[in-house]
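Derivation of every value follows stated rules applied to the coordinates shown; laboratory data play no part. Owing to the predicted nature of the structure, the values given are computational and were not obtained by experimental measurement. Backbone-built Cβ (ideal geometry, glycine too); neighbour counts: all protein chains shown.
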Amino acid sequence: MDKLELALLQPVLDTLQDGVYITDENGLTLTINRAYERITGIQRHKVVGKHMTELVKAGYISKSVSLEVIREQEPVTLVQTIHDSRKIVVSGNPMFNEQGELQYVITNVRDITELLNAKHAQEQLEQIINTRQEYSLKAPDTALDSSIILSNRSQACYELAERIAPTLVKVLIQGETGTGKTLLAQFIHQHSERSDGPFISLNCAAMPEGLIEAELFGYVAGAFTGASNRGKDGLLDIAHGGTLFLDEIGDLPLALQAKLLKVVEENRFLPLGATRFKDTNIRLITATHHDLKEAVSRGRFREDLYYRLCVVPITLPPLRQRKDEIIPLLNHYLQFFAEQYQVTKQLDPEAVERLINYSWPGNVRELMNLTERLLLSATGETIGPNDLPAEVQPTLQPGEPGIAGTLKEQVAALEKRLITTALQQHRTTRAAAASLGIDQSTLVKKSQRWKTDVNQ
């Protein structure tokens, strides 16, 4: 290809959007087009007339596709990284004369950085959507309207929550398991300026330390064995512009408490395996059924983190202290589950009276589960006192008719009822034992003994 032919060909090559690099059969550079200059940053006058081996030694390119084509005598395609970040696809094709001899190597270069970025952005978007669906709360918890709250003690909690909702003040919600801490956190979110953003909930007691850290802070590619090769955004990213609710914060391991303190103080965090901090924009609400002051005194919870999280403490009373709410809650969940299962039933007045006088150790969550159970298990159209489980039945006082058994037998029966209720509420023997203040092995032994007695 002489100079005249190159001069005539050059304007055509310069109109192409893809980069073009042409060498002769020996690897000597004949020309490149403007797109190649734009994509790679290599100027034409610095490479024309230079051999490809010389350009590789000089560091202009890391590997020559043209030399590979000359060696293989067939097309070669490579993906290369230039300027430390941009990805290009380089395809070299041999051009033969009529005698089958190699004359030129035509290399086509396409910048795929934007394409890969778009693909990565799509994958991140899908990850965010999936994570939000996983950690956003679902019915029936969200089916409960806070307007059902009727008692003065509960109403005071919701009035305070409504006053502080428009601010970004840190809120620590305290109360027994099942009292409605998540509902109150949602109420704060819904009455805040972030109500259009996501509400993401994480139970700190529901997963091991390593998994909590990965889910909360996210990780970069290759951060640990089994990690996604694309990395993963954490909930501090997913909840951007919204509210992150950390339930059972008292169970957060000490090592992660230090990392969370960084988030609270500086609104930034370090993903697993990362070397650069990321900024976060969230409203943080926490909750616990533990006595965090006692946990601080025992060294199980950081004092500095406690005071930063507990700027506004709100303590929800247990359901046994909110008897005015029991009937509205029963009616609400009866209607809710009736619509779900297409079954309609009513509560007998005597059954309602027993439910009002029940202690409800599992609080609102226990009431919700029991209502669903009664709706499906009761045989008639009315749920009567005989349909209620044993733990809801009134306890006879000494001297009353119907009392049976020795003191030892009655204590054993009460023990069985308490353990059975704890297992129904907490689902695992470890959690049930912890709630009763006994060893897990003790609870398991007692449960197995009762099963043996029944089978004999």
Virtual spin-label span in nm between Asn369 and Val169, 7 Å along Cα→Cβ: 3.5 nm
Residue-by-residue Karplus 3J(HN,Hα) for the range 412-418, coefficients 6.51, -1.76, 1.60, Hz, glycine and proline x: 5, 5, 5, 4, 4, 5, 5
Rounded to whole Hz, the Karplus (6.51, -1.76, 1.60) HN-Hα couplings of the range 372-379, x for glycine and proline: 4, 5, 5, 4, 8, 9, 5, 7
Footprinting exposure proxy for Phe301, Phe96 (fewest neighbouring C-beta atoms within 10 Å first): Phe96, Phe301
Förster radius 22 Å - calculated FRET efficiency between Glu350 and Thr420, Cβ distance, rounded to 0.05: 0.40
Across Lys181/Lys262; Lys259/Lys445; Lys232/Lys259; Lys3/Lys87, pairs whose alpha-carbon gap is larger than 28 Å: Lys259/Lys445; Lys3/Lys87
Full-stretch length increase - Asn97, Asn331 - with 0.36 nm per residue and alpha-carbon distance subtracted: 75.3 nm
3J(HN,Hα) from dihedral phi, the range 341-356, Karplus parametrisation 6.51/-1.76/1.60, rounded to Hz, x for glycine, proline: 9, 6, 10, 10, 9, 10, 9, 5, x, 5, 5, 4, 4, 5, 5, 5
Summed residue charge, Cβ within 13 Å of Glu101's Cβ, Lys/Arg positive, Asp/Glu negative: -3
Point-to-point label distance, Val343-Thr406, nm (Cα→Cβ direction, 7 Å offset): 4.2 nm
Under-5 Å amide H pairs with Asn281, H placed in peptide plane, nonlocal only: Gly241
R0 of 56 Å, Cβ-Cβ distance Leu376-Arg276: FRET efficiency to nearest 0.05: 0.55
Estimated inter-spin distance, Val444 and Gln80, nm [label 7 Å along Cα→Cβ]: 6.3 nm
Built amide H within the under 5 Å cut-off of Thr31, gap 5+: Ile22
